[in-house]
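The values are calculated or read from the model by the stated rules, or taken from the named source; none is laboratory data. Since this is a predicted model, take the numbers as computed values, not measurements. Here the Cβ positions follow ideal geometry from the backbone for every residue, glycine too, while neighbour counts run over all protein chains shown.
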Amino acid sequence: MSAPDLVAFDDFLLRVGKLNYAWTNTESLLIHLIAGLAKTDNDAALVIFLTLNTTRARVDLVQRLAKMDRTPPPQRKRVLAVTGAILQLAGLRNRYNHCIYAFDPDGGNTKSILMRIADRKDTIKMGQTSELDAAAMDEIDAAIQKLRDINRSIWSIAKDFGFPS
């Protein structure tokens, strides 16, 4: 029986921290999209943003504003693309932010255990596990890079369409 590799786990936690930083920083840029699409200022958009307490609600608002008839099609297309990209990463972020970790006393990979109930038609599932292996690390690294790209895209949309910044 060997001890778990706590150095590797620390490296994993550092990556999760970077993912959270990149996520929060990028999600906050939705304020500029809200301001521009709702034709208001950043202060009002900030109040709206903070009133909505989930990423999903904030993205839904931005998408709905983008889908309004008054939104020019090129603007709509870009906003929907960037918000779609955010939603594609939400599952990964949620996996590592709503879990507990299990250490293998025999020295195997640490696992994340998702703390969520998934309702199915006539059953429930809970406790989905994922290995914290090299593939998980690579997936987090890729998500961080995608968030950087999304961040740049949001700034580009704000600049190109004259949204408050």
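Tabulated values for the structure
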item	result
Checking Pro72 against (1) crowded, with 18+ Cβ neighbours inside 10 Å; (2) at pLDDT 95 or above; (3) not aliphatic (A, V, I, L, M), the condition it does not meet	(1)
Qualifying residues in the range 120-137 (those that are in a helix (DSSP H, G or I) and touching a residue at least 40 places away in the same chain (Cβ under 8 Å)) - the one surrounded by the most Cβ atoms within 10 Å (Cβ to Cβ)	Ala136
Among (1) in contact (Cβ under 8 Å) with a residue 60 or more places away in the chain; (2) out of contact with any helix residue (DSSP H, G or I) (no Cβ under 6 Å at 6 or more places or on another chain); (3) within 30 Å of Ala158 (Cα to Cα); (4) not small (Gly, Ala, Ser), the one test that Ile140 misses	(2)
Number of positions in the range 101-133 that are modelled with pLDDT under 85 and among the β-branched types (Val, Ile, Thr)	4
The range 138-158, residues that are charged (D, E, K, R) and surrounded by 14 or more Cβ atoms within 10 Å (Cβ to Cβ)	Glu139, Lys146
Candidates Phe49, Phe9, filtered to the one that is among the aromatic types (Phe, Trp, Tyr), in a helix (DSSP H, G or I) and out of contact with any helix residue (DSSP H, G or I) (no Cβ under 9 Å at 6 or more places or on another chain)	Phe9
The range 30-46, residues that are touching a residue at least 40 places away in the same chain (Cβ under 8 Å) and in a helix (DSSP H, G or I)	Leu30, His32, Leu33, Ala35, Gly36, Leu37, Asn42, Ala45
Search result, residues across the range 22-42 that are more than 21 Å from Arg76 (Cα to Cα) and either surrounded by 15 or more Cβ atoms within 10 Å (Cβ to Cβ) or touching a helix residue (DSSP H, G or I) at 6+ places or on another chain (Cβ under 9 Å) (or both)	Ala22, Trp23, Asn25
Evaluation of Arg70 against (1) within 25 Å of Ala38 (Cβ to Cβ); (2) assigned to a helix (DSSP H, G or I); (3) basic (Lys, Arg); (4) out of contact with any Lys or Arg (no Cβ under 7 Å at 6 or more places or on another chain) (one fails), failing number	(2)
Residues being out of contact with any helix residue (DSSP H, G or I) (no Cβ under 6 Å at 6 or more places or on another chain) and of a type in the set (Ser, Thr, Tyr) - total across the range 56-101	2
Condition met for Thr110 (of a type in the set (S, T, N, Q), crowded, with 17+ Cβ neighbours inside 10 Å and over 20 Å from the mean Cα position of the chain (by Cα))	yes
Residues of the range 75-119 satisfying the condition of being part of a strand (DSSP E or B) and not hydroxyl-bearing (Ser, Thr, Tyr)	Cys99, Ile100, Ala102, Lys111, Ile113, Leu114, Ile117, Ala118, Asp119
Residue match in the range 113-128 (condition: out of contact with any strand residue (DSSP E or B) (no Cβ under 8 Å at 6 or more places or on another chain), small (Gly, Ala, Ser) and over 15 Å from Val16 (Cβ atoms))	no
